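K.L.:
Have a look at this one before I ask anything.
The values are calculated or read from the model by the stated rules, or taken from the named source; none is laboratory data. Bear in mind the structure is a predicted one, so any value in this text is a computation, not a measurement. Here the Cβ is made from the backbone with ideal geometry for all residues, glycine too, and neighbour counts use every protein chain on show. Note: areas computed on protein heavy atoms with side chains; ligands, DNA, RNA excluded. Shrake-Rupley method; radii C 1.70, N 1.55, O 1.52, S 1.80 Å.
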Amino acid sequence: MESRIKTGIRKPDKTICLAFLVLVSLVILFRIAYVNLVEYPTSAACTYALNETAAYRSFELTVTGSTVYSADELQELFDMADSAYLDEREIVLSVHVRDTGDEAKRLDVSSFAMEYGYLSGGGINPDLFYSFNPDLSDLTFEPGEEQDIFLPYPLLAENPHLVLSLYPQKIIMNVE
């Protein structure tokens, strides 16, 4: 006698499982869309021209100028033996900073980035930062204190912009 063993899922069971998976996928998709569009909407960009003052946390920042240096020029300017950490071209921004808060605060410039259209150019060059700002031990500002600092970045393309923050509002400063 031959016994037959049925294996697999019957056709109506397959249809029910498929419908359930589609329903769960749609619920997840709608939840993701809701969170992205309603709970965390796209932030508006606020762009400042050269010499315009931008409010950033409890600071006012003004890009007052920019200078482009080649790696050879920087090597000669600071008497550097090795230019391994220098890009082909660097842009150095002159930034006026004023603390508008009522207590001492530290300005974190490591979160600032250069942007070239939709291309991100990365962060500040930490080695050059202290070469351009030799008297600066840290960036802690007392209330009302003002200071001019220099921020060096790699220059990867034309038309660079300094991005101070992305959320809750994107703050962009034109540097040219």
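K.L.:
Take the residues of the range 154-176 that are open to solvent by less than 80 Å² (accessible area, probe 1.4 Å) and polar (S, T, N, Q): which is farthest from the chain's Cα centre (by Cα)?
P.N.:
The residue in question is N174.
K.L.:
Next question. Consider only pairs whose beta carbons are under 9 Å apart and that are at least six residues apart or on different chains; among these, list those whose first residue lies in the range 6-17 and is modelled with pLDDT under 80 and whose second residue is part of a helix (DSSP H, G or I).
P.N.:
Listed pairs, sorted by first residue: G8/K14; I9/C17.
K.L.:
Out of everything in the range 132-153 that is of a type in the set (A, V, I, L, M, F, W, C) and open to solvent by 30 Å² or more (accessible area, probe 1.4 Å), what residue ends up being farthest from I91 (Cα to Cα)?
P.N.:
Checking each candidate, the answer is F132.
K.L.:
Mind listing just one residue for me: the one in the range 112-127 that is assigned to a loop (DSSP other than H, G, I, E, B) and touching a residue at least 12 places away in the same chain (Cβ under 8 Å) and, of those, nearest to K170 (Cα to Cα)?
P.N.:
The selected residue is F112.
K.L.:
OK, next. Has the range 25-32 got any residue that is open to solvent by less than 80 Å² (accessible area, probe 1.4 Å) and either under 28 Å from F141 (Cα atoms) or modelled with pLDDT under 95 (or both)?
P.N.:
no
K.L.:
Give me a count of the residues in the range 88-103 that are open to solvent by less than 60 Å² (accessible area, probe 1.4 Å) and either of a type in the set (F, W, Y) or touching a strand residue (DSSP E or B) at 6+ places or on another chain (Cβ under 6 Å) (or both).
P.N.:
9
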